[in-house]
Ligand SMILES: Cc1cc2nc3c(=O)[nH]c(=O)nc-3n(C[C@H](O)[C@H](O)[C@H](O)COP(=O)(O)OP(=O)(O)OC[C@H]3O[C@@H](n4cnc5c(N)ncnc54)[C@H](O)[C@@H]3O)c2cc1C
């Protein structure tokens, strides 16, 4: 009888700390929003406060400066932050990269990078997508070739969030080209290799993209022109990066789902408060009408379902359950999380009427944020493909 | 320097409290419970005094059913050293609270007891004063600033009083109650939360402390305040004065 939904004392305290850390920025919310949304500046003060409270070490073991509380701890933190209307994609990216290094890196790499992630010094971005290889990672062309203790990198990545503010990048490359792999009849995912790359390396140039969807952060096309990366920055074995990569993508999706749960709570709070105050006909608050109540009640029901699934996914990841099981819960949580967040923003806007579109009420800008969740970090279609193939055992469709 | 700090478990003041249908208490389903905010300030002050002195022990005491251990643990996660849980089924009235605290204070013999000026659930604001009187110690309520003499014999406390601040000097041991502006409490860091797991916590029943509870207050009924009526806009100053004088009867 081990099924237990009760949070432990530490988990409750951790959630409270996450709230307390973020709440101290509440009085400066407008100022911060102006900075992040309008001027697209990185909210370093929020990052520092989270670091000081120990959140970047929450999922890392004590020997690397962490507290070993697991990915679940970070999922709680991300949920609480989002519930207060604070999103930060770099937290999610840094967490996924750190966990990838922890699970696949050499001892030397772990010692070099993890303590500085734990204390908030290093920020990481993540680069896999290329213009000609989106969903299909096997087709990437960015090459890494070994030369005298270095790997020399050439190619380009696109849609890379936060490449300007991150100190390092976890980069997915090919050490054997896709063409060669196909010709030799090797598995298509063979020949991928992961590297930690200093974003300030010689030969890297960034071009900002006119994209939307991530609050206050730009996406970039990143060009690599003979960029030299020390050989010891290889994460995992050469050519065998695919397994490390596919496992690394899980934390990103779990945290994306956690942010969706929090976001839906943020929307509900705004909508419920508004519905209780706003009177249109007679002295009846609009919240008394079922047409207003029921959609919000539905959001709440979906929210709890996604919360449970998200915690379960984080739990499965922390417990190191078999990859397909972790992948199944993770993808399910991410799928339903995106749908929840879209629904929550939609229903909240419905409740607020015209004010739903006013920047003063903090909803309108979320439309792009939640819609992005359905497409990235992984699209809805690819999740359905995954569940069909790996969980239901149906033939692969593509 | 031994500092005894009291914490009470109260409903989260950020949440809306509703009275139950029977009028016997509040609806506790889905409520979050936290350390009484004034007690959190008291914990912070205890920690700051210890840090400033460079030595000492901050001991947390909470009274109530076993769930109050959550709030003790929260204070330990902020940095306090150990906890005492006085295990009773429900939260006693201020007089009985003071009796239990007196027994704990006599057992622990602290240099100072720091409490919140009141608990935000029932808002009595009496336990601190009663405790000081029972112990025969000095008291400084509504503290705005606390300074402890180098030899721990005295404290200088600035108090929030009607219309301003008042600074008094008291002999230690004493009871100090914290007001809102005394400090801004720190939050529990994650390493703090992990450390708190292994900090000691003693549990006593009132009988272990030689106290027999004898309630002096009875809760007859609890009801929600009447909803606030909408305001009106008056046309002239004369009309305002008239309403204040004859309707509101406040001038
Ligand atoms: C704001 C933003 C931030 C991003 N940040 C990052 C980042 O930091 N790092 C990074 O590496 N990438 C990033 N991305 C890229 C993102 O991960 C990809 O856009 C996403 O994975 C989809 O890839 P794509 O755009 O190439 O779509 P495509 O692969 O071209 O797919 C287009 C459409 O076809 C569908 N489709 C494709 N194949 C199939 C199939 N077999 N069956 C059914 N449907 C299919 C897809 O689901 C999608 O709807 C970001 C994107 C955005 C918009």
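General remarks:
- The listed residue being on the phi < 0 side of the Ramachandran plot and crowded, with 18+ Cβ neighbours inside 10 Å, out of A:380, A:334, A:300: A:334
- Filtered residue count, segment A:120-148, keeping only those that are outside any loop (DSSP other than H, G, I, E, B), in contact with a helix residue (DSSP H, G or I) (Cβ under 6 Å, 6 or more places away or on another chain) and under 21 Å from residue A:205 (Cβ atoms): 4
- The residue of segment A:343-377 that is farthest from residue A:327 (Cα to Cα), among those that are surrounded by 21 or more Cβ atoms within 10 Å (Cβ to Cβ) and within 16 Å of the ligand (Cβ to nearest atom), is A:366.
- Screening segment A:1-110 for helices (runs of 4 or more DSSP H) wholly inside it with 2 or more residues that are in contact with a helix residue (DSSP H, G or I) (Cβ under 7 Å, 6 or more places away or on another chain) returns the ranges A:9-23, A:44-53, A:70-83, A:89-104.
- Test set (1) closer than 27 Å to residue A:72 by Cα; (2) within 16 Å of the ligand (Cβ to nearest atom); (3) within 16 Å of the chain's Cα centre (by Cα) - residue A:258 fails condition number: (2)
- Tallying residues that are in contact (Cβ under 8 Å) with a residue 24 or more places away in the chain, near the ligand (Cβ under 10 Å from one of its atoms) and surrounded by 16 or more Cβ atoms within 10 Å (Cβ to Cβ) within segment A:383-395 yields 1.
- Meets criteria (more than 12 Å from the ligand (Cβ to nearest atom), assigned to a loop (DSSP other than H, G, I, E, B) and crowded, with 17+ Cβ neighbours inside 10 Å) for residue A:151: no
- Within the option set B:39, B:14, B:29, being closer than 24 Å to residue B:190 by Cβ and part of a loop (DSSP other than H, G, I, E, B) holds for one residue only, B:14.
- Condition check for residue B:88: under 23 Å from residue B:144 (Cα atoms) and touching a helix residue (DSSP H, G or I) at 6+ places or on another chain (Cβ under 7 Å): no
- Filter result for residue A:252 (outside any helix (DSSP H, G or I), within 12 Å of the ligand (Cβ to nearest atom) and within 19 Å of the chain's Cα centre (by Cα)): no
- Residues (buried (at least 19 other Cβ atoms within 10 Å of the Cβ) and touching a residue at least 40 places away in the same chain (Cβ under 8 Å)) located in segment A:20-31: A:22
- Candidates A:76, A:113, A:86 - the one that is more than 16 Å from the ligand (Cβ to nearest atom), away from every other protein chain (no Cβ under 14 Å) and closer than 22 Å to residue A:13 by Cβ: A:86
- Segment B:187-206 - residue that is more than 11 Å from every other protein chain (Cβ to nearest Cβ) and out of contact with any helix residue (DSSP H, G or I) (no Cβ under 7 Å at 6 or more places or on another chain) and, of those, nearest to residue B:88 (Cα to Cα): B:205
- Filter pass, residue A:219 being touching a residue at least 60 places away in the same chain (Cβ under 8 Å) and farther than 25 Å from residue B:14 by Cβ: yes
- Test: residue A:213 is out of contact with any strand residue (DSSP E or B) (no Cβ under 6 Å at 6 or more places or on another chain) and within 14 Å of the ligand (Cβ to nearest atom): yes
- Selection status of residue A:329, under 27 Å from residue A:70 (Cα atoms), more than 14 Å from chain B (Cβ to nearest Cβ), crowded, with 17+ Cβ neighbours inside 10 Å and more than 16 Å from the ligand (Cβ to nearest atom): yes
- Condition check for residue A:16: buried (at least 18 other Cβ atoms within 10 Å of the Cβ) and free of Cβ contacts under 8 Å to residues at least 24 places away in the same chain: yes
- Candidates A:195, A:159 - the one that is on the phi > 0 side of the Ramachandran plot, away from every other protein chain (no Cβ under 14 Å), under 21 Å from the mean Cα position of the chain (by Cα) and within 16 Å of the ligand (Cβ to nearest atom): A:159
Residues are listed down the side, and each one gets a yes or a no for (1) outside the structural domain of residue A:74 (by TED's automatic domain parsing); (2) closer than 14 Å to residue A:172 by Cα; (3) out of contact with any strand residue (DSSP E or B) (no Cβ under 6 Å at 6 or more places or on another chain):
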residue: A:109; (1), (2), (3): no, no, yes
residue: A:114; (1), (2), (3): no, no, yes
residue: A:119; (1), (2), (3): no, no, yes
residue: A:129; (1), (2), (3): yes, yes, no
residue: A:139; (1), (2), (3): yes, yes, no
residue: A:142; (1), (2), (3): yes, yes, no
residue: A:147; (1), (2), (3): yes, no, yes
residue: A:150; (1), (2), (3): yes, no, no
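- Unique residue being surrounded by fewer than 20 Cβ atoms within 10 Å (Cβ to Cβ) and part of a loop (DSSP other than H, G, I, E, B) when the list is B:22, B:51, B:70: B:22
- Residue A:65 modelled with pLDDT of 95 or more, more than 9 Å from chain B (Cβ to nearest Cβ) and on the phi > 0 side of the Ramachandran plot: yes
Residue-by-condition table, conditions (1) crowded, with 20+ Cβ neighbours inside 10 Å; (2) touching a residue at least 40 places away in the same chain (Cβ under 8 Å):
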| residue | (1), (2) |
| --- | --- |
| B:83 | yes, yes |
| B:86 | yes, yes |
| B:141 | yes, no |
| B:144 | no, no |
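- Any chance residue A:269 is more than 14 Å from the ligand (Cβ to nearest atom) and in the same structural domain as residue A:374 (by TED's automatic domain parsing): yes
- A single member of B:117, B:107, B:195 is farther than 23 Å from residue B:37 by Cα and surrounded by 14 or more Cβ atoms within 10 Å (Cβ to Cβ), and it is B:107.
- Candidates are the residues of segment A:34-50 that are surrounded by 18 or more Cβ atoms within 10 Å (Cβ to Cβ) and in contact (Cβ under 8 Å) with a residue 40 or more places away in the chain; the one that is farthest from residue A:215 (Cα to Cα) is A:50.
The values are calculated or read from the model by the stated rules, or taken from the named source; none is laboratory data. Bear in mind that the values here come from a model prediction, so they are computed numbers and not experimental data. Glycine also receives a Cβ, built like all others from the backbone with ideal geometry; neighbour counts cover every protein chain displayed.
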